[in-house]
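Structure, as structure tokens:
The values are calculated or read from the model by the stated rules, or taken from the named source; none is laboratory data. What you see is a predicted model, and the numbers here were worked out from it, not measured in a lab. Because the Cβ atoms are built from the backbone with ideal geometry, glycine has one as well, and the counts that use them run over all protein chains shown. SASA here: full protein model, heavy atoms, side chains in, ligands and nucleic acids out. Shrake-Rupley method; radii C 1.70, N 1.55, O 1.52, S 1.80 Å.
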Amino acid sequence: GLKPIFSNDDFAIFNKPNDLLVHPVHRHTPYTLLDEAKWHFGRHANIVNRIDNETSGLILVSRHKWSEKELKLKFESKEYDKTYYAIVCGKFPHNMLLDKPIGSDKKSKIRVKMACTSDGRDSSTFAEIINSKDNFTLLKLTPHTGRQHQIRVHLADCGFSILGDPIYNADEEFADRYLNKEITKDERIQTTGDSRMWLHSANLSFSYRGINYFFKSNSQDIFEKFASLG
């Protein structure tokens, strides 16, 4: 039942809710955004850019094999701009560039977990304060690279984990149980501060075949959530 917020002959934009997988992780995955894309646009439709299951916001979908190739090349070549909003725990000190390299967390038993490591790949995220309270900060984040979990890792590394993050705002045991779907909603709220992770892909812009596109999602939920926090 999820409908695109924009579509033309070559691609479409969806505003993905949190807790929705982009791709199936195994053959018995019941529903993903890819299923929705193919239902709307046919079997050749595909996801161009990925965001985490826990992250909400803008996703680009190609409608044909040839548009998929052209659009994915733009992402590989960094010919796009993306911005996110996040609520982090703590009072962020000032606007800053987070640029530590990111690689697999070799100290962790959790296979998907990443970390800032000296031998990782170059990574860069600019963090700008939108609003702050004693215990929480609303940030606008501009990633200049696209590493796995990049924003989550950079923020956790400097001591400001995202509210509700079940991997980087929790200990190893909890994160492992979360990935195995063994935790309750109440456990998650008690451990991470919320029942969802407050990271939202807000804006996406790129040029395609001589036209400049700028897409802006509805970010009302994250602003209202921040306003409700004590």
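Of all residue pairs spaced 6 or more apart or on separate chains, those with beta-carbon atoms under 9 Å, a first member in the stretch 71-84 that is part of a loop (DSSP other than H, G, I, E, B) and a second member that is open to solvent by 40 Å² or more (accessible area, probe 1.4 Å) and not aromatic (Phe, Trp, Tyr) are Lys78/His144; Lys78/Gly146; Glu79/Leu73; Glu79/Ser207; Tyr80/Ser207. Identify all residues within the stretch 151-163 that are free of Cβ contacts under 8 Å to residues at least 60 places away in the same chain and either farther than 28 Å from Lys133 by Cβ or open to solvent by less than 10 Å² (accessible area, probe 1.4 Å) (or both); write none if there are none. Of everything in the stretch 151-163, those that are free of Cβ contacts under 8 Å to residues at least 60 places away in the same chain and either farther than 28 Å from Lys133 by Cβ or open to solvent by less than 10 Å² (accessible area, probe 1.4 Å) (or both) turn out to be Val153, His154.
For the stretch 11-32, a residue qualifies if it is farther than 19 Å from Lys216 by Cβ and in contact with a strand residue (DSSP E or B) (Cβ under 7 Å, 6 or more places away or on another chain), and the qualifying residues are Val22, His23. How many residues, within the stretch 1-41, are free of Cβ contacts under 8 Å to residues at least 12 places away in the same chain and open to solvent by less than 60 Å² (accessible area, probe 1.4 Å)? The qualifying residues number 2. Look at (1) modelled with pLDDT of 95 or more; (2) buried (at least 16 other Cβ atoms within 10 Å of the Cβ) and you find that Asn49 fails only one, number (1). Search the stretch 138-150 for residues being touching a residue at least 60 places away in the same chain (Cβ under 8 Å) and open to solvent by less than 50 Å² (accessible area, probe 1.4 Å), and hand back the single one that is farthest from Val88 (Cα to Cα). Applying the filter and picking the extreme gives Thr145.
Quickly run through the stretch 171-194 and pick out the residues that are surrounded by 15 or more Cβ atoms within 10 Å (Cβ to Cβ), in a loop (DSSP other than H, G, I, E, B) and within 21 Å of the chain's Cα centre (by Cα). Across the stretch 171-194, the qualifying residues are Gly193, Asp194.
Any idea how many residues of the stretch 38-70 are among the acidic types (Asp, Glu) and assigned to a loop (DSSP other than H, G, I, E, B)? Qualifying residue count for the region: 2.
Does Ser67 satisfy the criteria of being of a type in the set (Gly, Ala, Ser), in contact (Cβ under 8 Å) with a residue 24 or more places away in the chain and open to solvent by 10 Å² or more (accessible area, probe 1.4 Å)? So Ser67 fails the test.
What do you reckon, is Ile151 within 27 Å of Lys82 (Cα to Cα), touching a strand residue (DSSP E or B) at 6+ places or on another chain (Cβ under 7 Å) and of a type outside the set (Ser, Thr, Tyr)? Considered against the rule, which asks whether it is within 27 Å of Lys82 (Cα to Cα), touching a strand residue (DSSP E or B) at 6+ places or on another chain (Cβ under 7 Å) and of a type outside the set (Ser, Thr, Tyr), Ile151 comes out as yes. When the criteria are applied in full, Leu60 meets the requirement of being out of contact with any Lys or Arg (no Cβ under 8 Å at 6 or more places or on another chain) and surrounded by 21 or more Cβ atoms within 10 Å (Cβ to Cβ).
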